[in-house]
Amino acid sequence: MIYADYNGSAPVCNDVKEYLKQRLDEGPYANPNAIHFMGQKVLMGMDNARSVCAKFLGAKFSQVIFNSGATEGCSQIHHSVLGCGAKDEKNLIVTTGIEHSAIRKTAEWYAENRGYEIITIPTNPNGIIDLTEFEKVIKDKHQNIALVSIMAANNETGVIEPFKEVSKLCQEYGVTNFCDTTQYIGKMPFNFNETGMDYAIMSGHKIGALTGTGILLAKDKTTLKPLIIGGGQEKGLRGGTQNYIGNETLAVAMDSVSKFFDRIPELTKKREEFEQKVKEKYPSAVILGEGAPRLATSTYIALPGVHGQAVQIELESMGIFVTTSSACSDNEPVTSKVLKAMGVTDDVGRGVVRISVGLCSPVEVYDKIYEALIKAYDKLSQIKSY
């Protein structure tokens with residue numbers, strides 16, 4: 001069996017598994033907000049985890065807020081920055097058409113219910129946003145922009161966006177900058193404070209920690225408002241008894257994944273060889289985001305005329321698990337919003353298959369995926385799906 005949907009969710013990593021075996025057997029267990037010895041011991045363990053995460057993320061200890069994942073972080077940031085409604089001078093949200101649905105739908109909610117206006121920055125055919133157009137918007141409208149929300153790496157194409165340039169322009173013009181770093185963190189080295197971002201988010205299940213864990217990074221946490229009021233946990237920024245064991249697995253997973261960063265060049269080379277072999281076999285095959293900087297572990301490929309879901313089913317019958325787009329929209333047999341924003345036509349868009357491995361994956365998986373993919377294409381290309 002080959003699992004190739006790491007962009008959807010990574011398997012719990014081996015170090016986390018081993019940690020949990022010992023942790024669940026030996027304890028301690030207590031409410032980390034209790035003042036007795038056991039509670040304080042649990043709190044100390046969680047704060048040690050926060051220190052590890054802060055170091056990995058290039059952030060200060062106080063900038064790390066534990067939560068349930070990126071979607072919650074996105075909601076809290078919008079809630080904190082946009083509040084109860086648009087101010088006369090700050091009524092614009094600047095984002096893109098390639099954002100994850102959690103980001104885009106949250107922005108749309110504030111537009112529909114709180115009076116904000118969305119400016120969508122165009123995306124080039126290679127999946128990179130039009131930085132020139134973004135710079136123009138920032139220069140012309142910065143006094144009216146409440147929030148910029150542009151991702152670091154796309155969850156479908158794996159294309160790495162010019163997020164450092166975006167952040168620099170936001171700093172220059174005094175605009176609040178939120179970056180969805182969910183797909184970037186754990187796949188590339190990241191230093192929050194060096195980027196100049198105001199806010200960033202991540203989910204633990206993308207890097208091998210337990211599902212339902214995550215982090216919101218805030219340059220200045222006093223700008224945040226609690227989305228969950230509760231009893232004042234996380235310094236009053238997130239109510240509810242903390243998922244302390246889950247938070248500990250974040251630190252274990254980050255420590256684990258950092259050991260694989262030196263494999264990025266090797267995996268990039270193997271991914272490029274894999275894509276080239278497919279194109280040599282099928283010259284009409286399309287690699288989405290080709291030519292743009294991409295995550296080493298992501299391939300988004302289509303064979304026009306062959307339906308992506310049919311390919312997915314064929315690969316699964318051979319023990320290889322992939323998706324056709326992001327997991328959030330994998331059950332919709334239409335061209336995704338990300339690809340539409342890139343100007344991709346339906347004959348390509350409906351045929352896409354997303355192959356995403358982990359930094360820990362052996363390079364040989366690409367050889368097995370290639371053999372299975374060619375078998376699927378050979379079979380299905382004889383029967384045009386649409």
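A short reminder: the numbers here are calculations on the coordinates, not readings from a lab. These figures come from a predicted structure and were not determined experimentally. All Cβ positions, glycine included, derive from the backbone under ideal geometry; neighbour counts span all protein chains shown.
Brief remarks on what is shown
- Projecting label points 7 angstrom from Cα along Cα→Cβ for K368 and D347 puts them 3.5 nm apart.
- Each residue of the stretch 133-139 is assigned a 3J(HN,Hα), and the resulting list reads 5, 4, 4, 5, 4, 4, 5 Hz, derived from the Karplus form 6.51 cos²θ - 1.76 cosθ + 1.60 (θ = phi - 60°), x at Gly and Pro.
- Using just its DSSP H runs of length 4 or more, each adding -39500 (n - 2.57), the chain gives a mean residue ellipticity at 222 nm of -12000 deg cm²/dmol after division by all residues.
- Normalised by residue number, the volume inside the convex hull of the Cα atoms of the stretch 245-359 is 141 Å³ per residue.
- Once the chain from K139 to S317 is taken as fully extended at 0.36 nm per residue, the excess over their C-alpha distance is 58.8 nm.
- The stretch 28-78 shape via C-alpha gyration tensor axes, a/c threshold 1.5: oblate
- Full extension of the segment from S284 to K375, taken as 0.36 nm per residue of separation minus the current Cα-Cα distance, would add 31.1 nm.
- In a simple Cβ point-charge model (Lys, Arg +1; Asp, Glu -1; nothing else charged), the chain has a dipole of about 480 debye relative to its Cα centre.
- The label point for N113 and the one for F61, both projected 7 Å from the Cα toward the Cβ, are 3.7 nm apart.
- Reported to the nearest whole Å, the Cα centre-to-centre distance from the stretch 39-73 to the stretch 123-160 is 29.
- Under the simplified labelling scheme, the K87-L131 pair shows an inter-label distance of 3.0 nm, with each label point 7 Å from Cα along Cα→Cβ.
- Rounded if a/c under 1.5, otherwise prolate or oblate - the chain, Cα gyration tensor axes: oblate
- Net lengthening on full extension, T268/T211 (0.36 nm per residue, minus Cα-Cα): 17.8 nm
- The Cα atoms of the stretch 36-122 give a gyration tensor whose axes a ≥ b ≥ c have a/c of 1.5 or more with a/b greater than b/c, which makes the shape prolate.
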